[in-house]
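Okay, so here's the structure we're looking at.
The values are calculated or read from the model by the stated rules, or taken from the named source; none is laboratory data. Source: prediction; values computed, not measured. Here the Cβ is made from the backbone with ideal geometry for all residues, glycine too, and neighbour counts use every protein chain on show.
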Amino acid sequence: MRALIIQHDHASPTGPVGRRLEHHGFAITEFLVVPQDSFDKPNVAVVFPNVDDYDLIVPLGAPWGAWDDACIGNWLTPELELIRHAVTTNRPVLGICFGGQLVARAMGGSVAPGEHPEIGWTTIFSDDHELVGNGPWFEFHFDTWQVPPGAREIARNPAASQAFVINKTLAVQFHPELEASSLKGWLDMGGTAKVVEDGQDPAVMLAQTVAEDPAAEARTHALIDAFLSRVAGLI
């Protein structure tokens, strides 16, 4: 089986998501959308791979808005079309944070800036603990989605919708791929200022993530296993 993981920026490794997919026998192709030298001017032209060549599509998070056509429209528009094609043809998709927002927008929902960001380890409220547990999951987002028509929301918290299923696709607002090493990359890439602006201590957040890594990896393994079995039908 082949998995296409769409990395929108250079500082978003696949972490425990990638490791668990490899455990299940997936050959992973990582596709980088915005190279590091274009990070400050991200509206690059992109030719995406053909999703029909893959058994699973995993669009990851991004520091830009899934609503922001002016900033990233050169590649946001074709990626939305790619996601719409995958979902409507029952190609399994696991949309993570920005990737989940892409699914929402592509399938007729919407994405917009939220009233306040969600940053850090967060407990959610799930209707289906065997698919998406209550966490805590790591959040780092400023936007929220409206669940698209025909989708089934399965998790939420007081701040935002957190997960929905549509066809063979699961969208999650949190970051199951996050581990301490990737958080350090985000903090070094400008995330520190955002954490401080949110009234939090980046050093404590990183230390908390180091401590949480083993339990978080186990939660991610359970999420991937259930997604592949119950939603995607791939194992």
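Spot the failing condition for E130; the list is (1) within 18 Å of the chain's Cα centre (by Cα); (2) exposed (fewer than 15 other Cβ atoms within 10 Å of the Cβ), and only one is missed.
All conditions are met except number (1).
Give region 2-43 a look and list any residue that's aliphatic (A, V, I, L, M) and either surrounded by fewer than 16 Cβ atoms within 10 Å (Cβ to Cβ) or without any contact (Cβ under 8 Å) to a residue 24 or more places away in the chain (or both), or say none.
Of everything in region 2-43, those that are aliphatic (A, V, I, L, M) and either surrounded by fewer than 16 Cβ atoms within 10 Å (Cβ to Cβ) or without any contact (Cβ under 8 Å) to a residue 24 or more places away in the chain (or both) turn out to be A27, L32.
Could you tell me whether region 137-158 includes any residue that is over 17 Å from V231 (Cβ atoms), among the acidic types (D, E) and either surrounded by 24 or more Cβ atoms within 10 Å (Cβ to Cβ) or in contact (Cβ under 8 Å) with a residue 60 or more places away in the chain (or both)?
yes
Is it the case that some residue within region 160-169 is of a type in the set (S, T, Y) and within 16 Å of the chain's Cα centre (by Cα)? Give the derivation first.
If we filter region 160-169 for residues that are of a type in the set (S, T, Y), which is where we start, we get 161, 169.
Then keep just the ones that are within 16 Å of the chain's Cα centre (by Cα); that gives 161, 169.
Yes, region 160-169 contains a residue that is of a type in the set (S, T, Y) and within 16 Å of the chain's Cα centre (by Cα).
Which of the residues belonging to region 68-97 are buried (at least 17 other Cβ atoms within 10 Å of the Cβ) and not in a helix (DSSP H, G or I)?
Of everything in region 68-97, those that are buried (at least 17 other Cβ atoms within 10 Å of the Cβ) and not in a helix (DSSP H, G or I) turn out to be R91, P92, V93, L94, G95, I96, C97.
With the requirement that a residue be over 19 Å from the mean Cα position of the chain (by Cα) and in a helix (DSSP H, G or I), what does region 196-211 give you?
V196, E197, P202, A203, V204, M205, L206, A207, Q208, V210, A211, listed by residue number.
Given the structure, is F164 farther than 23 Å from P92 by Cα, assigned to a strand (DSSP E or B), aromatic (F, W, Y) and modelled with pLDDT of 95 or more? Break it down stepwise before answering.
Working: farther than 23 Å from P92 by Cα: no; assigned to a strand (DSSP E or B): yes; aromatic (F, W, Y): yes; modelled with pLDDT of 95 or more: yes.
No, not satisfied.
Of the residues L178, L170, which single one is in a loop (DSSP other than H, G, I, E, B) and closer than 26 Å to M1 by Cβ?
Only one candidate passes the filter, namely L178.
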